[in-house]
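The values are calculated or read from the model by the stated rules, or taken from the named source; none is laboratory data. What you see is a predicted model; the values in this text were computed from it and never measured. Counting neighbours? That spans all protein chains shown, and the Cβs are built from the backbone with ideal geometry, glycine included.
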Ligand code: RAT
Ligand code: ZN
């Protein structure tokens, strides 16, 4: 009789069984979502869920303005429900929802067996309004196969700060991170000791898994500017002292069209050598890095081959489309083996976890299956056990390694 352990370590020599196994493992593997904008219910109005929040996601409002010729001010003056109705009518009733963000809505409605061709949102609203939030979080995490999410926490945000001081987050699945955009992008200027104090206090209060910042496409290091000063004098010494990794998200051009509000940011190609210089100068700090421009992806892989304190992660924002996720994942598998974090969701609204992970898992499984198939053709078969080991490494292990 063949035992299940023997079956697990059996060589998968047929392509059909190999591909089926990869799909099974990738779909079942719990994933640690290393960058989101989600919050647990204690954070009240910051904890977003339901159809109106899903439809007013900035990825979708930007698309709506391309088809509905409505002045920006008129749209922003509308209530959230009216905005959601307009997005629905424009992108889902008057047009076919082919974009990734629009297809995401369809995937979410479909999972909950809601009418994906409805003309009105009544049924969907009634469904989401009837959910108990904490049960709903459990259900969504379960469907998405997400074991935990990293929040984006701004230590200089007053509303957030009040919540942290009055008990903060009770749900261990929501990990915190210290996001320092206001300091890095010049909205707050303070002396080094004052920033140090603020960071030390925030680290004590929030217990973050990493320190983070998003940076513009023209970010340079070294550069003799305030960002270099902040990195050298405050942030990297703090990261070192507390044993925290530094997460850098590079390539955003904020406010390209301010009329679009949150949807108005663009992107630009950045200089990857800035990351090489940081990794070289701070060999004892671990860096998690993602670039927003498709053109930077290959250079990031090459930089990671040179510096083993550099962990590329995710297909960020405008890159989170199936064709590009597929391309980047293949490039990374070919250049880095399994030593990278293939994806993060960047979810702002709870149920986005469902579609973002469903869609990404498909691309990751296909890329991985092709890779094992090539290996088979070259003369080496893999086992189910090895597939599970590889997927667990990419979905959780690499991050655990980085954040301790
Ligand atoms: O992807 C997004 O939702 C963007 O608006 C940003 O939040 C980006 O992910 C960021 O963290 O700056
Ligand atoms: Zn984000």
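Could you check, for segment 309-317, whether at least one of its residues is farther than 18 Å from residue 393 by Cα, touching a strand residue (DSSP E or B) at 6+ places or on another chain (Cβ under 9 Å) and within 16 Å of ligand 2 (Cβ to nearest atom)?
Quick first cut of segment 309-317, residues farther than 18 Å from residue 393 by Cα only: 316-317.
Next, only the ones that are touching a strand residue (DSSP E or B) at 6+ places or on another chain (Cβ under 9 Å) stay: 316-317.
Cutting the leftovers down to within 16 Å of ligand 2 (Cβ to nearest atom) gives us 316-317.
Within segment 309-317 (the criterion being farther than 18 Å from residue 393 by Cα, touching a strand residue (DSSP E or B) at 6+ places or on another chain (Cβ under 9 Å) and within 16 Å of ligand 2 (Cβ to nearest atom)), the answer is yes, since at least one residue qualifies.
Inside segment 139-163, can you point out the residues that are assigned to a helix (DSSP H, G or I) and surrounded by 13 or more Cβ atoms within 10 Å (Cβ to Cβ)? Steps first, answer last, please.
Let us first name the residues in segment 139-163 that are assigned to a helix (DSSP H, G or I), namely 139-144, 158-163.
Answer for segment 139-163, where residues must be assigned to a helix (DSSP H, G or I) and surrounded by 13 or more Cβ atoms within 10 Å (Cβ to Cβ): 139, 140, 141, 143, 144, 160, 161, 163.
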Can you tell me how many residues in segment 287-317 are surrounded by fewer than 19 Cβ atoms within 10 Å (Cβ to Cβ) and within 15 Å of residue 35 (Cα to Cα)?
1
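Being over 24 Å from residue 145 (Cα atoms), more than 16 Å from ligand 1 (Cβ to nearest atom) and part of a loop (DSSP other than H, G, I, E, B): is that true of residue 74 here?
Values: over 24 Å from residue 145 (Cα atoms): yes; more than 16 Å from ligand 1 (Cβ to nearest atom): yes; part of a loop (DSSP other than H, G, I, E, B): no.
The answer is no for residue 74.
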Complete set of residues in segment 300-327 that are more than 16 Å from ligand 1 (Cβ to nearest atom) and part of a helix (DSSP H, G or I):
300, 301, 302, 303, 304, 305, 306, 322, 323, 326, 327
Of these, 256, 235, which one is in contact with a strand residue (DSSP E or B) (Cβ under 8 Å, 6 or more places away or on another chain) and free of Cβ contacts under 8 Å to residues at least 40 places away in the same chain?
256
Helices (runs of 4 or more DSSP H) lying entirely in segment 330-404 (those with 1 or more residues that are touching a helix residue (DSSP H, G or I) at 6+ places or on another chain (Cβ under 6 Å) and within 16 Å of ligand 2 (Cβ to nearest atom))
352-378
Output the number of residues of segment 329-357 satisfying the condition of being touching a strand residue (DSSP E or B) at 6+ places or on another chain (Cβ under 9 Å) and farther than 24 Å from residue 44 by Cα.
8
Can you name the residue in segment 190-222 that is surrounded by fewer than 16 Cβ atoms within 10 Å (Cβ to Cβ) and out of contact with any helix residue (DSSP H, G or I) (no Cβ under 8 Å at 6 or more places or on another chain) and, of all such residues, is modelled with the lowest pLDDT?
191
Only one of 56, 61 is without any contact (Cβ under 8 Å) to a residue 40 or more places away in the chain and either under 22 Å from residue 76 (Cα atoms) or crowded, with 19+ Cβ neighbours inside 10 Å (or both). Can you tell me which?
56
Mind checking which residues of segment 183-208 are closer than 30 Å to residue 147 by Cβ and out of contact with any strand residue (DSSP E or B) (no Cβ under 9 Å at 6 or more places or on another chain)?
200, 201, 204, 205
Please find, among 284, 271, the residue that is modelled with pLDDT of 95 or more, buried (at least 16 other Cβ atoms within 10 Å of the Cβ), more than 16 Å from ligand 2 (Cβ to nearest atom) and in a loop (DSSP other than H, G, I, E, B).
271
Exactly one condition in (1) in contact (Cβ under 8 Å) with a residue 24 or more places away in the chain; (2) away from ligand 2 (no atom under 16 Å from the Cβ) is false for residue 210; which is it?
(2)
